[in-house]
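Chemist: Handing you this structure, nothing more for now.
Taken together, the values in this text are just the output of simple stated rules run on the coordinates, not laboratory data. Owing to the predicted nature of the structure, the values given are computational and were not obtained by experimental measurement. Using ideal geometry, Cβ is built from the backbone for each residue, glycine included, and neighbour counts are taken over all protein chains shown.
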Amino acid sequence: MEKTLLLTRSNLRKNRGTSVGLFFLMFISTVLIGISLMIFFDALPTARKEAERLDAGDGYIMVRNGIEDITGEKIEELIKDDTDRFFVYRNLQFGAIPIPFGTGDVSIDISLSDSSAFSREMDRVEVILEDSSVTGDYIYLPYQFYTGGGIRLNDTFDFELEGVKYIFTVKGFTALTYGGCNNAGLFSLVIDDNTYNKILERNGETAEGLMIIYELKDGVSNGRFKIKNRNELLKINPVAIVAGFDIDTVVKSRTFIGLILAVSFLVLTSLVVTAVAMMLANCISNYIKENMKTLGALKAIGYTGKDIKASLVFWFFILSVLASITGIAAAYLVMPIFANIVIGQMGFPYQVSFNLPAAVIPVVFIILFTVTVTVICASKVSKIHPIVALREGIESHNFRKNHVALDKTSLSLNSSLAMKTFIGNMKQNVITFIVTGFMIFTCVIALLMYENFSRHPKLEILMTEMCSGVVTFDNDTADEGLDYLKSRSDIKNIRKIINTNFYYEDKESLFTYIVDDMSKMNNRDLCYKGRLPQYDNEVAVSGAFAKVYGIDVGDEIELTLGENSYSYLITGYIQTTNNNGREAIFTFDAAERIMNMDHIPAWYWFDLKEESADSKDNKAATDNVLEDCKDRFGGHIVNTMNFFEILEGSMTTFKSISAMMLIVMCTISVVVIALILFLLIKSLVYHKRKDYGILKALGYTSGSLMLQTALSFMPSVLASVIVFSVASYYLANPYMSTFMHLFGLVKCSFDIPVPGVVIIAAGLAIASFFLALLQTRRIRKIEAYNMLVAE
Amino acid sequence: MKNIIETKKLCKTFSNGGVQQHVLKNIDLEIFEGDFTVIMGASGAGKSTLLYSLSGMDKPTLGSITFDGTDITKMNNDELALFRRSNCGFVFQQVYLVDSMSVLDNIMAAGLLVYKDKKVLAKKAGELLKSVNIDETLWGKFPTQISGGEAQRVGIARALINDPKLVFADEPTGALNSQTGKAVLDTLTGFNEKGQSIVMVTHDINSARRGNRILYVKDGEIAGECILGRYVSGDKERHQKLAGFLATMGW
């Protein structure tokens, strides 16, 4: 052991630069794994822990539009056999109301409660931030408005309910389970009792609703429970609007940004860890080459191959221990930045805390990985024979062909000598090619996310269908409204789309798009297999749903609504990140087989005829259409939605994550390339020190040798940049499809801006050149005289 | 005779672990054009240090070195490199050809620093290689594929490619057997006869005989000088004169 330690100490002393380079690569890997696991094991479980703490039970059913017949006794009768306990409270419920969030609005169902919300038995609401000095018309908003929505205490907050505008002052922010996050489809707001009563008086008939929070008995299926009771509630009041979510869906919808972040980091880690493995292999191979004589001498005096191997393993083991422990510490230091992104969507307070698995797994992984790679790569030490090693006879140059003859080449002197170095160092070229390529791919993925989530948000990520705006007319004015919209010269593609929930064999609810004309759908990527339905016996369902139940295109599924049901032929799969991937689409004729459409208001979706590149102009143009409709039809307008405004609000959390990812990924890429170049150039300069000495003696300046060396890396960098830019361009969408599969998108067609890829490729190539030039500074220290007399 | 190099109070001190070692002490010296100057001395006397200081490869601690009218001690490393390109040629004991370059490329790599026209340079490199008896079949080979004597002659060709004012040779036969060494010395002598100035460090009396001026370095100083005149093969009197000089120097 002592002799191993002796050799290890000597290795660490002699190879400080290599050790430092490898240390940082292992360090970065640990930081990335650490952050991913902290998100997985610590941040994301917060949502469930908080739900349990706030006693949210197993889910909720909310019902409105006539609740007078749905008495407490009836509810108890319906659900007591399936539940251990339940709690019912009254609130005011409104569908698809645009409310301020982030830099725009978000159109979402809202529930309003009075101050009794703070003293509920179940589904408790807890105040996190409060300004008790605020009085009058005040509102408590879910915490996500603070963390992800950019709203602060004392801000003015307003929304419009059926033509009446309500203005509040923000008094506080709350932690609550249901209605706490925009991705869960509902925001629960607590308002002052006075305003609550006013709204109750004005809209109570349709808006007053019940919220049934339940905790199921063991073995009761949440899906079946919800569907069964929805149907029972509809029996009591056929026009009631019933919705509900189970706790799993709510928790998932509040944590998927964190999941994207964690998975992205793990993917990046796998690339960095591959770079670590390549560099370890390269360093060990160089070590053996550089220390051949020493190894021969050590073997000659009695060291065994095992002793030498053990010293190498111990050397890198020490490095991995130091790097992984400091890496985990650093991960904890930077975690608050990423925690803010997670909280921004989760909407629950979260403090970074020590998590044993998240701290131990990265350390153990990096150490085991390093030791394994070292043991494999150091195996050739055992094969070294002392005499051969002493003569340095194992590794010798084996130049067979003069690829760049100086008397014939048309290249400049520096370029031709750089080419010679390039050709003579294939291992270095392969590593540079692969690592640069990995980093290009990483940056292109980050660019794709930035472009599609932030710069020009792709609505398909969040919305099954996109448009410029929606006007909802009541039944009395539906035809007149349609004629008016058609008469306008500034809009086009007017179609009628209604959303409602249907049910699959009492097992699962499907959020369904009922569309009058499928050919007018803007989302061309919606149906990724088969086709959209055309006839009244057809339906397309989401792939995620179909996968769970083993349903194929061509099969039939029975959809129900209340007492009615019908077997539809599945014509295709659609993709969506919404509603936990449980969506369907069919025509009005198909819907009428099980649903009475007579009383349903007419939702007309339209597109602007000419869209501007500036979202603000589009927002204003859409507003113009909506305002004209309101002016013309007044109280007949049930609802309006400006998608450009909603987009701003809905994409707020995506924007922050994608911008952050672009910065993090590009920075890590540059750092990893810098470290790889540092290690490769350090080793190259060491191996070529004699040549540099000779060339300096002949009259080559340090600058010219530095330039040659930096240039020698450029063919592999440029090749990598070209090959991987093109490959990334074509592979990014298939890769994202695999990645986004987790979130319901199966076939992605994200935009990848070619200029962006070119900028990344050129930027990394230029950065690589200057980083290489920077690393070659050590050539300056080589003095021809010292080099020659040292030999 | 015109001098190429003139040193004044040339000193070189090495510091090792706080201990100062004065390798060259106040050397005043002139190297003349057309001479084959030989520097002799015991191991550690400072002869190689003197050679590399004179050639601008190493920097003296004190004193001045005027090379063809220019004080090279005031130059920085890059200026020295540019200076060496066209003024100095080097022949080393270990040859120091670049292993990854062919024989011809080793010459071209040095020549391209001065010559812009590759065709002219390639022609000149070929002529030089032929003049040092390196057959054309060897030009494309790599240094590890030719013998030590051949490699050293390639080294000489490389040293001469840029028509240097002075060729510095550090123990050029030190790593060669006597027959191969003789061929190398014949080559150097031949070029000197054509007017090439040479400064050679050696501790071999047979090599030293080739010079017309012998300087003996002892303890960092020029302890003595012996003028032999032009080399003539088989000149026994010359050998005796040199042997006598060396004896007086305590060699």
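Chemist: Could you tell me the relative contact order of chain B? Use alpha-carbon pairs under 8 Å, at least six residues apart, and round to a whole percent. List each step's numbers first, then the result.
Modeler: Values: 469 pairs, mean separation 63.6, N = 251.
The normalised contact order for chain B reaches 25 percent.
Chemist: By how many degrees, 0 to 90 and rounded to 10, does the Cα axis of helix B:236-248 deviate from the longest principal axis of chain B?
Modeler: So the helix axis and the longest Cα principal axis differ by about 40 degrees.
Chemist: For segment A:57-102, which GluC sites (Glu not before Pro) are in a loop by DSSP, counting at most 16 other Cβ atoms within 10 Å? Intermediate results must be reported in sequence, preceding the final value.
Modeler: Numbers: sites: A:68, A:73, A:76, A:77; in loops: A:68.
Sites meeting the loop and neighbour criteria: A:68.
Chemist: Continuing with this model, one more query. Which of B:64, B:131, B:15 ends up with the largest GNM mean-square fluctuation for chain B, with Cα atoms connected below 10 Å?
Modeler: Among B:64, B:131, B:15, the largest mean-square fluctuation in the Gaussian network model of chain B belongs to B:15.
Chemist: Also, quick follow-up: Kindly provide the trypsin sites (Lys or Arg not before Pro) of segment A:212-259 that DSSP labels as loop, not H, G, I, E or B, and whose Cβ sees at most 15 other Cβ atoms within 10 Å. Walk me through the intermediate numbers first.
Modeler: Details: sites: A:217, A:224, A:226, A:228, A:230, A:235, A:252, A:254; in loops: A:217.
Answer by residue number: A:217.
Chemist: Taking beta carbons within 10 Å but only from partner chains, what does the mean come to for residues B:74-82? Could the numbers behind the result be given before it?
Modeler: Details: counts 0, 0, 1, 6, 7, 1, 4, 12, 3.
Mean number of neighbouring Cβ atoms from other chains: 4.
Chemist: Separate question: Any idea which of B:191, B:49, B:66 is furthest toward the positive side of the dipole for segment B:3-248, if Lys and Arg beta-carbons carry +1 and Asp and Glu beta-carbons -1?
Modeler: My answer, from the dipole projection, is B:191.
Chemist: Using a simple charge model, +1 on the beta-carbon of Lys and Arg, -1 on the beta-carbon of Asp and Glu, nothing else, what dipole does segment A:480-609 show about its Cα centre, in debye to the nearest 20? Intermediate results must be reported in sequence, preceding the final value.
Modeler: Details: 14 positive and 21 negative charges, 144 e Å.
Dipole magnitude for segment A:480-609 comes out near 700 debye.
Chemist: So how do B:113-125, A:757-769, A:694-706, B:238-250 stack up, highest first, on mean other-Cβ count within 10 Å? If you can, show how the numbers build up before the last one.
Modeler: Working: B:113-125: 16.1, A:757-769: 18.4, A:694-706: 23.4, B:238-250: 14.5.
Packing order, densest peptide first, comes out as A:694-706, A:757-769, B:113-125, B:238-250.
Chemist: For a quick size check, give me the Cα extents of chain B along its three principal axes, largest first, whole Å.
Modeler: The Cα atoms of chain B stretch 47, 46, 39 Å along the principal axes, largest first.
Chemist: Full-extension gain between residue A:599 and residue A:754, please, as 0.36 nm times their residue separation minus the C-alpha to C-alpha distance. Mind showing how you got there, number by number?
Modeler: Values: separation 155, 0.36 × 155 = 55.80 nm, distance 4.92 nm.
Taking residue A:599 through residue A:754 to full extension adds about 50.9 nm, to one decimal.
Chemist: Along the charge dipole of segment A:255-399, which of A:324, A:359, A:262 sits closest to the positive end, that is, farthest toward it, with unit charges on the beta carbon of Lys, Arg, Asp and Glu (+1, +1, -1, -1)?
Modeler: Ranked along the dipole, the leading option is A:324.
Chemist: Can you compute the helix-only [θ] at 222 nm over chain A? Use -39500 (n - 2.57) per DSSP H run of at least 4 residues, normalise by all residues, nearest 500 deg cm²/dmol. Mind dumping the intermediate values first?
Modeler: On the way: 25 runs with 412 residues, N = 791.
Estimated from H runs of four or more residues: -17500 deg cm²/dmol.
Chemist: With the dipole of chain A worked out from charges on the C-beta (+1 for Lys and Arg, -1 for Asp and Glu) around the Cα centre, which of A:291, A:633, A:419 lies farthest toward the positive end?
Modeler: A:291
Chemist: Could I ask something else about it? Among the trypsin sites (Lys or Arg not before Pro) in segment B:23-97, which ones are in a DSSP loop with at most 10 other Cβ atoms within 10 Å of the Cβ? Mind listing them?
Modeler: Working: sites: B:25, B:47, B:74, B:84, B:85; in loops: none.
Qualifying residues, ordered by number: none.
Chemist: Under a point spin-label approximation (7 Å from Cα along Cα-to-Cβ), what is the residue A:321-residue A:382 distance to one decimal in nm?
Modeler: The modelled label-to-label distance comes out at 2.4 nm.
Chemist: Right, next: Would you compute, from DSSP H runs of 4+ residues alone, the mean residue ellipticity of chain B at 222 nm, taking -39500 (n - 2.57) per run and dividing by the full residue count, rounded to the nearest 500?
Modeler: -10500 deg cm²/dmol
Chemist: How much length would be gained if the chain were fully extended between residue A:155 and residue A:14, taking 0.36 nm per residue of separation minus their Cα-Cα distance, in nm to one decimal?
Modeler: On the way: separation 141, 0.36 × 141 = 50.76 nm, distance 6.19 nm.
Roughly 44.6 nm would be gained on extension.
Chemist: Using only Cα atoms and rounding to the nearest 10 degrees, what angle (0 to 90) does helix B:118-131 make with the longest principal axis of chain B?
Modeler: Once rounded, one gets 70 degrees.
Chemist: Then there's this: Quick one: compute the contact order of segment A:677-784, relative version, from alpha carbon pairs under 8 angstrom and 6+ residues apart, as a percent.
Modeler: Working: 78 pairs, mean separation 59.6, N = 108.
Relative contact order for segment A:677-784 comes out at 55 percent.
Chemist: Cut-off 16 Å, label point 7 angstrom out along Cα-to-Cβ of residue A:505: give me the residues of segment A:515-543 whose amide nitrogen falls inside.
Modeler: Correct set: A:541-542.
Chemist: Compute the distance in nm between two label points, each set 7 Å from the Cα along the Cα-to-Cβ direction, one at residue B:33 and one at residue B:76.
Modeler: 3.2
Chemist: To continue, here is another question. For the protein assembly as shown, what does the alpha-carbon gyration tensor say about shape, rounded, prolate or oblate, given a ≥ b ≥ c as the root eigenvalues, a/c under 1.5 as rounded, and a/b over b/c as prolate? List each step's numbers first, then the result.
Modeler: On the way: a/c = 3.41, a/b = 2.95, b/c = 1.15.
Taking the square roots of the gyration eigenvalues as a ≥ b ≥ c, the protein assembly as shown is prolate.
Chemist: Give me the distance between the Cα centres of segment A:187-249 and segment A:288-330, rounded to whole Å.
Modeler: Comparing the Cα centres of segment A:187-249 and segment A:288-330, I get a distance of 66 Å.
Chemist: Run the paramagnetic zone check for residue B:147: 7 angstrom along Cα to Cβ, then residues of segment B:78-108 with backbone nitrogen under 17 Å.
Modeler: Counting only backbone N, you get B:95.
Chemist: For chain A, return all DSSP H helices satisfying: extent of Cα atoms along own axis at least 20 Å; mean Kyte-Doolittle hydropathy at least -0.5.
Modeler: On the way: long enough: A:16-38 (32 Å, 1.73); A:222-236 (21 Å, -1.05); A:247-290 (61 Å, 1.36); A:305-346 (55 Å, 1.50); A:356-377 (31 Å, 2.60); A:426-450 (35 Å, 1.68); A:615-633 (27 Å, -1.33); A:652-687 (52 Å, 1.96); A:702-740 (50 Å, 1.06); A:754-775 (31 Å, 2.24).
Qualifying helices, which must be both long enough and hydrophobic enough, are A:16-38, A:247-290, A:305-346, A:356-377, A:426-450, A:652-687, A:702-740, A:754-775.
Chemist: Express as a percent, rounded to the nearest 5, the fraction of DSSP beta bridges in segment A:66-239 (both residues included) that run antiparallel. Walk me through the intermediate numbers first.
Modeler: Numbers: 31 of 41 bridges.
If I count the DSSP bridges inside segment A:66-239, around 75 percent turn out antiparallel.
Chemist: What does DSSP give for chain A in terms of the percent of beta bridges that are antiparallel, rounded to the nearest 5? If you can, show how the numbers build up before the last one.
Modeler: Values: 77 of 97 bridges.
That works out to approximately 80 percent antiparallel.
Chemist: Starting from the Cα-Cα distance between residue A:294 and residue A:126, subtract it from 0.36 nm times their residue separation and give me the gain in nm to one decimal.
Modeler: Working: separation 168, 0.36 × 168 = 60.48 nm, distance 6.92 nm.
Roughly 53.6 nm would be gained on extension.
Chemist: Calculate the dipole size of segment B:3-248 relative to its Cα centre from +1 charges on Lys and Arg beta carbons and -1 charges on Asp and Glu beta carbons; express the result in debye to the nearest 20. Mind showing how you got there, number by number?
Modeler: Values: 29 positive and 28 negative charges, 30 e Å.
Dipole size: approximately 140 debye.
Chemist: Compute, for the protein assembly as shown, the length of the dipole vector about the Cα centre, with Cβ point charges of +1 (Lys, Arg) and -1 (Asp, Glu) only. Units Debye, rounded to 20. The partial results should precede the final answer.
Modeler: On the way: 102 positive and 111 negative charges, 1861 e Å.
Roughly 8940 debye for the protein assembly as shown.
Chemist: Can you give me the distance in nm between label points at residue B:193 and residue B:177, each placed 7 Å from the Cα along the Cα-to-Cβ direction?
Modeler: In this crude spin-label approximation the distance works out to 2.6 nm.
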